[in-house]
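Asker: I'd like to ask some things about the structure below.
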Ligand code: PMP
């Protein structure tokens, strides 16, 4: 059976050109970049060439790019490092209730007062609400660029204009592939991302830190990354991250057309289906549906048996019985949130794959509805 992968927000396949660029750094150029000999120097060169490409992409200085193990670390660093560096007695952070768990959990872990801004029913955080929440002791505003579950795009440029003296961080993990990430245009002080969402390797990412931002390191050890992020560099990963960023083409027309085709066909062909989140301000690769009277996890497993890979909520939270915090934040009931399915397409997705997936989703939804209808009938007869 040919499997169909429709879960690109969870991770993407590595681009062959990225893999080729990384290969020499596993076994030939294997030096520790902090070593002073030629082995070390050639590894360091790999890192610095990568940093240059990345700085060009984000339109920043090379020294403003700090390599990490991925967006989870970068997001933890942004929250904890800013609070740690702050001179406020009672620092205040503004974030949203639809952030990735790594932001929400990091916020719980710092001694700071946190304001969680709720999005509207379309999944958009209002910059006016952010403005209203700013206080004298606000040290950080952290609002994600693109939501990982419903793909909604947040008004980053507008927030940067009203941020006052607070530092402004954005988790751009799901945005880098599709949206403008020029940090000067965006007006952000800090930005996080992960390599594996952009056809690059897993276990590597970065934090952009604008020069002179008040932030400290959160892990101690060696003097890597300007003394701010200790630990031996993931050299092949960093080289791969640079290559993946270099390969990004912000021409989203094909992906957008394919995604729009998927949405309109599902809404037309499957009764009792609806799309979650704004259609207008949305990542071109994301579709998130709710199917009435269907349990999302059951649908996921049925589709998996048919070789179709999709997700319910975010991959990181699936497996738990809690409904998605994003879907409940935009007003879905627990039942509706449990009936949701996320489909995220990628650059290698074809129309044929979409057609096969739609027909299998339709069959599976009907099957599950019939099953739950039968169970209900049986129950009623027993009463
Ligand atoms: N932020 C967002 C918006 C994400 O989608 C993810 C990955 N699901 C992360 C942070 C964490 O990325 P990683 O697991 O690569 O550290």
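No value in this document is a laboratory result; all are computed from the given coordinates. Remember, it's a predicted structure, so these values are computed and weren't measured experimentally. Note that each Cβ is placed from the backbone with ideal geometry, even for glycine, and that neighbours are counted across all protein chains shown.
Asker: Given Cα pairs under 8 Å that are at least 6 residues apart, what percent is the relative contact order of the range 196-266?
Answerer: The normalised contact order for the range 196-266 reaches 31 percent.
Asker: I would also like to ask the following. On a 0 to 90 degree scale, rounded to 10, what angle separates helix 71-85 from the longest Cα axis of the chain?
Answerer: Compared with the principal axis, the helix lies near 50 degrees.
Asker: OK, next. Note down the nm distance, to one decimal, between modelled labels 7 Å out along Cα→Cβ at residue 309 and at residue 111.
Answerer: For the pair residue 309/residue 111, the computed spacing is 4.4 nm.
Asker: Let me ask another. Can you tell me the orientation of helix 235-246 relative to the chain, as the angle in degrees between its alpha-carbon axis and the longest Cα principal axis, to the nearest 10?
Answerer: The two axes meet at around 70 degrees.
Asker: Once both labels are modelled 7 Å past Cα along the beta-carbon direction, what's the residue 223-residue 165 spacing in nm?
Answerer: 3.3 nm
Asker: If a/c stays under 1.5 just call it rounded; otherwise compare a/b with b/c (prolate if a/b is bigger, oblate if not). Do that for the range 1-91, with a ≥ b ≥ c from the square roots of the Cα gyration tensor eigenvalues. Could you put the intermediate results ahead of the total?
Answerer: Details: a/c = 2.28, a/b = 1.18, b/c = 1.94.
In terms of gyration-tensor shape, oblate.
Asker: Given 4 °C and 1.567 mPa s, how large is the Stokes-Einstein diffusion coefficient of the range 12-152 in µm²/s, with Rh as the Kirkwood radius over Cα pairs?
Answerer: Taking Rh from Cα pairs, D becomes 72 µm²/s.
Asker: Pairs of alpha-carbon atoms within less than 8 angstrom and 6+ residues apart define the contacts here; what relative contact order does the range 220-341 have, in percent?
Answerer: Normalised by residue count, the contact order of the range 220-341 is 19 percent.
Asker: For 194, 223, 97, what's the fewest-to-most ordering of other Cβ within 10 Å of each Cβ? Don't skip to the answer; put the middle values down first.
Answerer: On the way: 194 28, 223 10, 97 15.
Ascending number of Cβ neighbours within 10 Å: 223, 97, 194.
Asker: Does the range 263-372 come out rounded, prolate or oblate by the C-alpha gyration tensor, with a ≥ b ≥ c the root eigenvalues, rounded set by a/c under 1.5 and, if not, prolate when a/b is larger than b/c and oblate if not?
Answerer: Rounded is the answer for the range 263-372, as its axis ratio a/c remains below 1.5.
Asker: Further question on the same structure: Counting only DSSP beta bridges with both residues in the chain, tell me the antiparallel percent, nearest 5.
Answerer: About 50 percent, rounded to the nearest 5.
Asker: So, one more: Say R0 is 51 Å: what FRET efficiency, to the nearest 0.05, do residue 260 and residue 35 get from their beta-carbon distance? Walk me through the numbers before you get to the answer.
Answerer: Working: r = 52 Å, r/R0 = 1.01.
Computed FRET efficiency for residue 260 and residue 35: 0.50.
Asker: Right, here's the next one. Any number yet on Rg/Rh for the chain, C-alpha, Kirkwood? If you can, show how the numbers build up before the last one.
Answerer: On the way: Rg = 22.0 Å, Rh = 21.9 Å.
We get a ratio of 1.00 for the chain.
Asker: Now a separate question. Measuring from label point to label point, each 7 Å out along Cα→Cβ, what is the residue 246 to residue 383 span in nm?
Answerer: Label at residue 246, label at residue 383, 6.7 nm between them.
Asker: Work out how much length residue 45 to residue 211 would gain on full extension: take 0.36 nm times their residue separation and subtract the Cα-Cα distance, in nm to one decimal. Don't skip to the answer; put the middle values down first.
Answerer: On the way: separation 166, 0.36 × 166 = 59.76 nm, distance 2.26 nm.
Contour length minus Cα-Cα distance gives 57.5 nm.
Asker: Could I ask something else about it? Fully extended, how many nm does the chain gain between residue 269 and residue 26 (0.36 nm per residue separation, minus their Cα-Cα distance)?
Answerer: Values: separation 243, 0.36 × 243 = 87.48 nm, distance 4.90 nm.
The span from residue 269 to residue 26 would gain 82.6 nm if fully extended.
Asker: For the range 129-254, just say rounded, prolate or oblate: build the C-alpha gyration tensor, square-root its eigenvalues into a ≥ b ≥ c, call rounded for a/c under 1.5, and beyond that prolate if a/b exceeds b/c, oblate if not. Walk me through the numbers before you get to the answer.
Answerer: Details: a/c = 2.28, a/b = 1.13, b/c = 2.01.
Oblate shape, in that a/c is at least 1.5 and b/c is the bigger or equal ratio.
Asker: Express the relative contact order of the chain as a whole percentage, based on alpha carbon pairs under 8 Å and six or more residues apart in sequence.
Answerer: Reported relative contact order: 22 percent.
Asker: Compute the long axis of helix 296-305 from its Cα atoms, compare it with the longest principal axis of the Cα atoms of the chain, and write down the angle in degrees, 0 to 90, nearest 10.
Answerer: The two axes meet at around 90 degrees.
Asker: For the chain, what is the calculated [θ] at 222 nm in deg cm²/dmol (nearest 500), taking -39500 (n - 2.57) for each run of four or more DSSP H residues and dividing by its residue count?
Answerer: Details: 15 runs with 159 residues, N = 383.
The helix-only estimate for the chain comes to -12500 deg cm²/dmol at 222 nm.
Asker: Treat the count of other C-beta atoms within 10 Å as a stand-in for reagent exposure and order 149, 99, 380, 305 from fewest to most. It would help to have the intermediate numbers written out before the result.
Answerer: Values: 149 29, 99 25, 380 8, 305 11.
Ordered by Cβ neighbours within 10 Å, fewest first: 380, 305, 99, 149.
Asker: Cut-off is 10 Å between beta-carbons; in what order do 204, 139, 18 appear when sorted fewest neighbours first?
Answerer: 139, 18, 204
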